[in-house]
Amino acid sequence: MTSGKTRSRAVPLSAAHTTVLADYAAALTTAPLAGSTQDKYVSRLRGYLSWLAQETFEGDPLTDAAAASLAVRAFRHHLKDAHRAPTTIDTYLSALDDFYARRGVGKPQAGRERDPRRQAPRSLDAQRVRRYLAQVRHTATPRDRAIALLPYLAGLRISEVVGLDLTDVRTDGLGVRGGKARLVPVHPELRQVLTGWLEVRAGWKGASVDPALFLNHRGFRLSDRAARDIITGFADPDDPFSPLVLRHTFATQLIRDGKDPIVVAELLGLESLDSTRRYGLPVKTDREAVLNSLITDI
């Protein structure tokens, strides 16, 4: 491999690399990614291909897995030499992960800039989930049951829960607004719960005036704080958690079940695949389970 000093000048792409870039951009149009994310990934790939045109490797970095890993690692050092921010470097690497996965080459072996030892977001284990669901199913009113299940069965932020309007409950899913507008499929149990609440809501104060899905007892849109209090009220007092933990639990279960991180990111309204992959990081119980597998009997 040969490498010169860091260059800031963008090198025009060759005809072959232009085709590679165009093919990737076309493939992204059918991917469950936000348009801004698609544009960013294409831009990141263009920067990589522009740099790649000036380098020499044994093997083709666009088709050979070993050469691809060498090239991506070298490109990472190139970005560091150019004093690019760690988060920026990691977005380049995420884009290249996606690019190589779509080419069938596999994920390049290149480390991230941000601390790989960071912990997974807090989520509930199976026992705590069942305890929470039992409490909700047995004690919640129709409105509160729907509020309590949306972060866990749809992955919504609490601001997205209270931001829902009646028209957002559609036959093909939930129309979620906020940081990233998206359509979230509705779990069968959640669909039943929402239907039950809509029937009750028809007789609620303010139902014919306020478009909000969830109303308070004065007939106005429910506040974030009120919705949080409803959810935390179903938690074990000795093991409290926030609505965000339920959203993390939704994501953790999907990622650990092997679901596509790109699809999970779309469901969560996240633009960074790195943020989504955090849900697959090991937790304390994982490390304990590994140790418990050691043979100690004689």
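Could you sort 94-101, 246-253, 71-78 so that the peptide with the highest average Cβ count within 10 Å comes first and the rest follow in order?
246-253, 94-101, 71-78
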Next item on the list: Return a whole-number percent for the relative contact order of the chain, with Cα pairs under 8 Å and 6 or more residues apart as the contact set.
Entry: 18 percent
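Net charge near Ile255, counting Lys/Arg +1 and Asp/Glu -1 over other residues with Cβ under 10 Å of its Cβ? Walk me through the intermediate numbers first.
Numbers: positive: Arg256, Lys259, Arg277, Arg278; negative: Asp257, Asp260.
Spelling it out: positives minus negatives among the neighbours equals +2.
Please report the net charge: other residues with Cβ closer than 11 Å to the Cβ of Arg201, K and R +1, D and E -1.
Net charge in that neighbourhood comes out at 0.
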Margin query: Counting only pairs 8 or more residues apart or on different chains, how many lysine pairs in the chain have their Cα atoms under 20 Å apart?
Written below: 5
Check: Which value in deg cm²/dmol, rounded to the nearest 500, describes the helix-derived mean residue ellipticity at 222 nm for the chain, given -39,500 (n - 2.57) per DSSP H run of n ≥ 4 and division by the residue count?
Finding: -16500 deg cm²/dmol
Checklist line | Normalised contact order of the stretch 55-149, rounded percent, pairs of Cα under 8 Å and 6 or more residues apart | finding: 23 percent
Note to self: Quick check: net charge around Asp238, other residues with Cβ under 13 Å of its Cβ, Lys/Arg +1 and Asp/Glu -1?
What the structure shows: 0
Margin query: Pick from Arg103, Arg228, Arg112 the residue whose mean-square fluctuation is largest in a GNM of the chain, springs joining Cα atoms under 10 Å.
Written below: Arg103
Check: Mind checking the angle between helix 142-153 and the chain's longest principal axis? C-alpha axes, 0 to 90 degrees, to the nearest 10.
Finding: 20 degrees
Notebook entry, point to check: Based on the Cα atoms of the chain, what semi-axes does the equivalent ellipsoid have, where each is the square root of 5 times one gyration tensor eigenvalue, given in whole Å with the largest first?
Noted result: 44, 25, 15
Item checked: Packing-based ranking, highest mean first, of 128-139, 150-161, 12-23 given that Cβ atoms within 10 Å are counted -> 150-161, 128-139, 12-23
Check: For the Cα atoms of the chain, what angle does the longest principal axis make with the long axis of helix 188-201, in degrees from 0 to 90, nearest 10?
Finding: 40 degrees
Next item on the list: May I ask you to list the GluC sites (Glu not before Pro) in the stretch 40-118 that are in a DSSP loop and have at most 13 other Cβ atoms within 10 Å of their Cβ?
Entry: Glu58
Notebook entry, point to check: Quick one: putting +1 on the C-beta of Lys and Arg, -1 on the C-beta of Asp and Glu, what dipole do you get for the stretch 51-104 around its Cα centre, in Debye to the nearest 20?
Noted result: 180 debye
Item checked: For Leu174, residues with placed amide H under 5 Å, excluding near neighbours -> Val184, Val186
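Bear in mind these aren't lab numbers, they're just calculated from the coordinates by the rules spelled out. Keep in mind the model is a prediction, meaning the values are calculated, not measured. For neighbour counting, all protein chains shown are included, and Cβ atoms are generated from backbone atoms with ideal geometry for every residue, glycine included.
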